[in-house]
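Everything on this sheet refers to the single structure shown next.
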Amino acid sequence: MRIAIIGSGNVGSALGHGWAKRGHDVVFGVRDPNKTAATTNTRTAPVKDAAQSGDVVVLAVPWAAVPDALRSAGDLKGKVLLDCTNPLLPDLSGLDVPAGTSGGEIVAGLAPGALVVKIFNTTGAANMTNPDFHGQPATMFYCGDDGGAKGIASGLAGDLGFEPVDAGPLSQSRQLESLCLLWVSLAIKQGLGVNFAFKVLRR
Ligand SMILES: NC(=O)c1ccc[n+]([C@@H]2O[C@H](COP(=O)([O-])OP(=O)(O)OC[C@H]3O[C@@H](n4cnc5c(N)ncnc54)[C@H](OP(=O)(O)O)[C@@H]3O)[C@@H](O)[C@H]2O)c1
């Protein structure tokens with residue numbers, strides 16, 4: 001699959017290098033291709049060129065950069081857009097979006113016609129490189145309104161070794177963003193560190 005990743009930081013590189021290792025065609029959409037080194041099995045390109053070439057576009061930039069990054073990406077109508085961002089307040093005490101909405105829904109509003117799936121926002125980037133916990137795959141929740149796009153997102157999470165779990169429509173994004181707040185608070189304020197992940201247990 002041709003995957004364009006906007007942002008090559010912690011999340012973008014963990015996802016991109018994981019997918020490239022598994023045979024996907026990965027291009028990082030970056031502001032300065034000279035600053036970001038491609039690896040042997042990935043490429044870099046200006047944000048617009050990368051985004052327009054991808055079947056799947058992954059948004060992995062800081063929340064404050066989302067409007068600019070999506071403007072730079074151009075028209076994403078019909079493309080699967082995986083939103084990994086979290087609209088966190090600077091002191092990590094809550095979400096920086098009005099009550100009743102979510103980052104995922106705001107992203108959908110900024111990318112008209114894109115098939116938005118919220119995913120890869122509920123665990124740390126290191127777990128995206130390695131989601132295996134003693135043989136148990138970490139859960140990766142996702143939500144969105146398009147069944148086909150969710151199937152692609154789920155498959156890409158599975159390729160990395162996650163157990164994908166469908167959390168419902170895109171309006172569930174706020175719940176997933178709150179789950180990120182819980183993960184961050186456990187990691188930092190409660191001292192769990194970054195080597196833990198959420199897991200759905202069934203019987
Ligand atoms: N870190 C985590 O463990 C984690 C986990 C889940 C979700 N998230 C969420 O994922 C997102 C990315 O986090 P991160 O930790 O990967 O951030 P990061 O390491 O700071 O990387 C951010 C990337 O975004 C790029 N960028 C910034 N502004 C841009 C713009 N206007 N246009 C295009 N690219 C731009 C940066 O490129 P330059 O080098 O040009 O600045 C950089 O490559 C955030 O929304 C975060 O909340 C993070």
_Can you find, within segment 185-203, the residue that is surrounded by the fewest Cβ atoms within 10 Å (Cβ to Cβ) among those that are outside any helix (DSSP H, G or I) and of a type in the set (A, V, I, L, M)?_
LEU201
*Filter segment 121-140 for residues that are within 12 Å of the ligand (Cβ to nearest atom) and more than 11 Å from LEU15 (Cα to Cα); which is nearest to the chain's Cα centre (by Cα)?*
ASN121
*State whether one or more residues within segment 49-61 are among the small types (Gly, Ala, Ser), within 12 Å of the ligand (Cβ to nearest atom) and touching a Lys or Arg at 6+ places or on another chain (Cβ under 9 Å).*
yes
*asked:* Going by what's in this entry, would THR129 be described as closer than 24 Å to VAL200 by Cβ, open to solvent by 60 Å² or more (accessible area, probe 1.4 Å) and touching a residue at least 40 places away in the same chain (Cβ under 8 Å)?
replied: yes
_Quick check on segment 110-120: of everything there that is part of a loop (DSSP other than H, G, I, E, B) and more than 14 Å from the ligand (Cβ to nearest atom), which residue is least open to solvent (accessible area, probe 1.4 Å)?_
ALA114
_For the structure I just gave you, tell me whether PHE141 is surrounded by fewer than 21 Cβ atoms within 10 Å (Cβ to Cβ) and aromatic (Phe, Trp, Tyr)._
no
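Residue under question is GLY151, and the condition is that it be assigned to a helix (DSSP H, G or I), at pLDDT 95 or above, under 18 Å from the mean Cα position of the chain (by Cα) and surrounded by fewer than 16 Cβ atoms within 10 Å (Cβ to Cβ); does it hold?
Here the answer is yes, as GLY151 does meet what is asked.
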*Within segment 56-88, can you find the residues that are closer than 16 Å to CYS180 by Cβ, in a loop (DSSP other than H, G, I, E, B) and either free of Cβ contacts under 8 Å to residues at least 40 places away in the same chain or not polar (S, T, N, Q) (or both)?*
ALA60, VAL61, PRO62, CYS84, THR85, PRO87
*Out of all the residues in segment 41-55, is one or more assigned to a strand (DSSP E or B) and touching a Ser or Thr at 6+ places or on another chain (Cβ under 6 Å)?*
yes
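The values are calculated or read from the model by the stated rules, or taken from the named source; none is laboratory data. Only a predicted model underlies this, so the values are computations on that prediction, with no experimental measurement involved. Note that each Cβ is placed from the backbone with ideal geometry, even for glycine, and that neighbours are counted across all protein chains shown. Side chains are part of the model used for accessible areas, which takes the heavy atoms of the whole protein and leaves out ligands, DNA and RNA. Shrake-Rupley method; radii C 1.70, N 1.55, O 1.52, S 1.80 Å.
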